[in-house]
Amino acid sequence: MRGAIAVTSTDDNFTILEGAEQLATYRFNTRTAEHHFCRNCGIYTHHKRRSNPDQLGVNVACLEGISPFDFREVVVYDGQRHPGDNPAHRTYTAGTLTFTPVE
Ligand SMILES: [Zn+2]
């Protein structure tokens, strides 16, 4: 999932419009999160969050009418210090990505 801008959704608010049969799924480490990718091009589409399995993280590049370049600033979370791995379930921020379009 490196490099993807993801938004949060829930199963009942999420519909795959086409290509569901092309998705592959993998789990690793704690095997809680389900990561879904396109079998053809490898793009990450969405995942069931390990920090909250009732939520989905959805790649904004896969959402109709939304571009990753619509976001001028994106908070980057520190995946090395996952909220599920510390007793307080704290989320750590690694930094902020900024996009500045050419005038
Ligand atoms: Zn694809």
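How much length is gained on full extension from Cys38 to Ser9, taking 0.36 nm per residue of separation minus their Cα-Cα distance?
On the way: separation 29, 0.36 × 29 = 10.44 nm, distance 1.92 nm.
Full-extension gain reported as 8.5 nm.
For Leu23 and Gln80, calculate 0.36 nm times their separation in residues minus their Cα-Cα distance, and state this gained length in nm to one decimal.
That works out to 17.9 nm of additional length.
Explain nothing, just compute: Karplus ³J(HN,Hα) = 6.51 cos²θ - 1.76 cosθ + 1.60, θ = phi - 60°, for every residue of the range 86-98 in order, whole Hz, x for Gly and Pro.
10, x, 7, 6, 6, 9, 9, 9, 8, x, 9, 8, 10
Just add up the charged neighbours of Ala33: K/R +1, D/E -1, any other residue whose Cβ is under 10 Å from the Cβ of Ala33.
Once positives and negatives cancel, what remains is +4.
Counting other beta carbons within 10 Å of each Cβ, put Val102, Val58, Val7 in order, fewest first.
Least to most surrounded, the residues fall as Val102, Val7, Val58.
Around Thr100, under 13 Å between beta carbons, what's the net of Lys plus Arg minus Asp minus Glu among the other residues?
Value of the local net charge: -1.
Given the options Ala20, Ala88, Ala33, which has the most mean-square fluctuation in a GNM of the chain, springs set between C-alpha atoms less than 10 angstrom apart?
Between Ala20, Ala88, Ala33, it is Ala88 that shows the largest mean-square fluctuation.
Mind grabbing the base-10 log of I(q)/I(0) for the chain at q = 0.17, 0.21, 0.24 Å⁻¹? Debye formula, identical points on the C-alpha positions, no solvent, two decimal places.
Ignoring solvent entirely, the Cα scatterers give -0.89, -1.27, -1.49.
Tell me which trypsin sites (Lys or Arg not before Pro) from the range 1-95 have a DSSP coil assignment and no more than 15 other beta carbons within 10 Å of their own.
Arg2, Arg27, Arg31, Arg39, Arg72, Arg90
Around Thr10, what is the net charge, scoring Lys/Arg as +1 and Asp/Glu as -1 over all other residues with Cβ under 11 Å from its Cβ? All intermediate terms of the calculation are to be shown ahead of the outcome.
On the way: positive: Lys48, Arg49; negative: Asp11, Asp12, Asp54.
Net local charge, Thr10 excluded: -1.
Rule-based calculations on the coordinates, nothing more; no lab input. Model, not experiment: these values are computed from the prediction. All Cβ positions, glycine included, derive from the backbone under ideal geometry; neighbour counts span all protein chains shown.
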